[in-house]
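**Q** For reference, the structure I am asking about is given below.
The values are calculated or read from the model by the stated rules, or taken from the named source; none is laboratory data. Remember, predicted model here, so these are calculated numbers, not experimental data. Note that each Cβ is placed from the backbone with ideal geometry, even for glycine, and that neighbours are counted across all protein chains shown.
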Amino acid sequence: MDVLSGRTIVRPSDPAASQAFYRDVLGLAVYREFGDPAAPGMVFFLGTSLLEVSGAGASGGHGDVALWLQVRDVHAEVERLAALGVGVARGPRTEPWGLVEAWVADPDGIPIVLVEIPADHPLRRDARWPAPT
């Protein structure tokens, strides 16, 4: 399989509310809109992937769906989102694996993990190469 691109698809109970949340509250840039101009589907940039918010789910349930979003500064993002009225399920803290994480949710309760990778974390380095001398 040669995967060139991918996306997470969310079918919320209220597409307009979820689209507004991702566009206006999280501030994600719109990649494209499609379908009925009165109620379009939207695809958002998510760093190196995409998020599609379209159609309507029957129950708004989220099952095993969650979004993992790497941000530059978790503390600043949590502060900004809380000021916009977004409930913070768990504030920023450094996990045992070294990442700084906080949890919020979209209007349907889909968990969103905000992640900051500290400068000294192994994910920031290519371990195959020796450190410069």
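**Q** What do you reckon, is Ala102 part of a helix (DSSP H, G or I), closer than 29 Å to Phe21 by Cα and either at pLDDT 95 or above or touching a helix residue (DSSP H, G or I) at 6+ places or on another chain (Cβ under 9 Å) (or both)?
**A** Considered against the rule, which asks whether it is part of a helix (DSSP H, G or I), closer than 29 Å to Phe21 by Cα and either at pLDDT 95 or above or touching a helix residue (DSSP H, G or I) at 6+ places or on another chain (Cβ under 9 Å) (or both), Ala102 comes out as no.
**Q** Could you check the range 1-53 for strands (runs of 3 or more DSSP E) lying wholly inside it with 3 or more residues that are at pLDDT below 90?
**A** Per the criteria, 7-10, 49-53.
**Q** So in the range 84-98, with the set limited to residues that are outside any strand (DSSP E or B) and at pLDDT 90 or above, which one is surrounded by the fewest Cβ atoms within 10 Å (Cβ to Cβ)?
**A** Ranking the qualifying residues of the range 84-98, first place goes to Pro96.
So that you can scan it fast, the table gives a plain yes or no per residue for (1) touching a residue at least 24 places away in the same chain (Cβ under 8 Å); (2) exposed (fewer than 13 other Cβ atoms within 10 Å of the Cβ):
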residue: Ile9; (1), (2): yes, no
residue: Asp14; (1), (2): yes, no
residue: Gln19; (1), (2): yes, no
residue: Tyr22; (1), (2): yes, no
residue: Ala29; (1), (2): no, yes
residue: Ala39; (1), (2): yes, yes
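**Q** Just for the range 105-118: of the residues that are in a strand (DSSP E or B) and out of contact with any Phe, Trp or Tyr (no Cβ under 8 Å at 6 or more places or on another chain), which one is surrounded by the fewest Cβ atoms within 10 Å (Cβ to Cβ)?
**A** Restricting to residues being in a strand (DSSP E or B) and out of contact with any Phe, Trp or Tyr (no Cβ under 8 Å at 6 or more places or on another chain), the top hit is Ala105.
**Q** Return only the number of the condition from (1) surrounded by 13 or more Cβ atoms within 10 Å (Cβ to Cβ); (2) under 23 Å from Arg7 (Cα atoms) that Leu81 does not satisfy.
**A** (2)
**Q** Same structure again: Select from the range 63-82 the residues that are assigned to a helix (DSSP H, G or I) and not basic (Lys, Arg) and list them in ascending order.
**A** Within the range 63-82, Val74, His75, Ala76, Glu77, Val78, Glu79, Leu81, Ala82 qualify.
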